[in-house]
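Report on the following structure.
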Amino acid sequence: MAATIVELSQLISNSVTELIEACSANDLRIPTLNERYTADSEAFRKNQTVARAANIAAAAAIQLTALLLPPQESVLQITSGRNATQHYRSAALRVSIESHVAEILDEAGEKVRAAQLV
């Protein structure tokens, strides 16, 4: 697992570096979290290199979350935001699979079926 964590952190670092370099080369800027959403604040996302680097960094960050947090916590954090995108869903699905949620629910049997009817 340590190797995976290092690989994900390097992927994040490399993608962020690529993103910053592409923004600089194209005179684009990444808005702060405190800025209002406008067409100008989102202009950097229209650049294919920037968008690709941002998606890679975000996906790796979500995978890192799935690895480092307890499964139930990462599922809640990943799926409960207003920004639940495909990255979040794929990471949540991975956590569900690796945590054997289907088997746990199957073993619970009638208790789960009864709860579904309520």
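Can Glu21 be described as within 19 Å of Val95 (Cβ to Cβ) and out of contact with any helix residue (DSSP H, G or I) (no Cβ under 8 Å at 6 or more places or on another chain)? Walk me through how you get there before you give the answer.
Working: within 19 Å of Val95 (Cβ to Cβ): no; out of contact with any helix residue (DSSP H, G or I) (no Cβ under 8 Å at 6 or more places or on another chain): yes.
Criteria not met by Glu21.
Residues that are under 22 Å from the mean Cα position of the chain (by Cα) and not in a helix (DSSP H, G or I) were ranked within the stretch 36-46; the one that is modelled with the highest pLDDT is Glu42. Just to verify a result, which residue in the stretch 11-42, among those that are hydrophobic (A, V, I, L, M, F, W, C) and open to solvent by 70 Å² or more (accessible area, probe 1.4 Å), is nearest to Asn55 (Cα to Cα)? Step by step, filter the stretch 11-42, then rank; the result is Leu11. If I ask for residues that are surrounded by 17 or more Cβ atoms within 10 Å (Cβ to Cβ), over 20 Å from Val75 (Cα atoms) and touching a Phe, Trp or Tyr at 6+ places or on another chain (Cβ under 9 Å), which ones from the stretch 46-62 would you list? Answer for the stretch 46-62, where residues must be surrounded by 17 or more Cβ atoms within 10 Å (Cβ to Cβ), over 20 Å from Val75 (Cα atoms) and touching a Phe, Trp or Tyr at 6+ places or on another chain (Cβ under 9 Å): Val50, Ala54.
Reported count of residues in the stretch 10-33, each being farther than 10 Å from Ala60 by Cβ and of a type in the set (Gly, Ala, Ser), is 3. The single residue among Glu103, Glu73, Glu107 that is modelled with pLDDT under 80, out of contact with any helix residue (DSSP H, G or I) (no Cβ under 6 Å at 6 or more places or on another chain) and part of a helix (DSSP H, G or I) turns out to be Glu73. Checking each residue in the stretch 63-80 for being open to solvent by less than 30 Å² (accessible area, probe 1.4 Å) and either in contact (Cβ under 8 Å) with a residue 60 or more places away in the chain or β-branched (Val, Ile, Thr) (or both) picks out only Ile78.
The values are calculated or read from the model by the stated rules, or taken from the named source; none is laboratory data. These numbers come from a predicted model, not from an experiment. Every residue, glycine among them, receives a Cβ derived from its backbone with ideal geometry; neighbour counts consider all protein chains shown. Note: areas computed on protein heavy atoms with side chains; ligands, DNA, RNA excluded. Shrake-Rupley method; radii C 1.70, N 1.55, O 1.52, S 1.80 Å.
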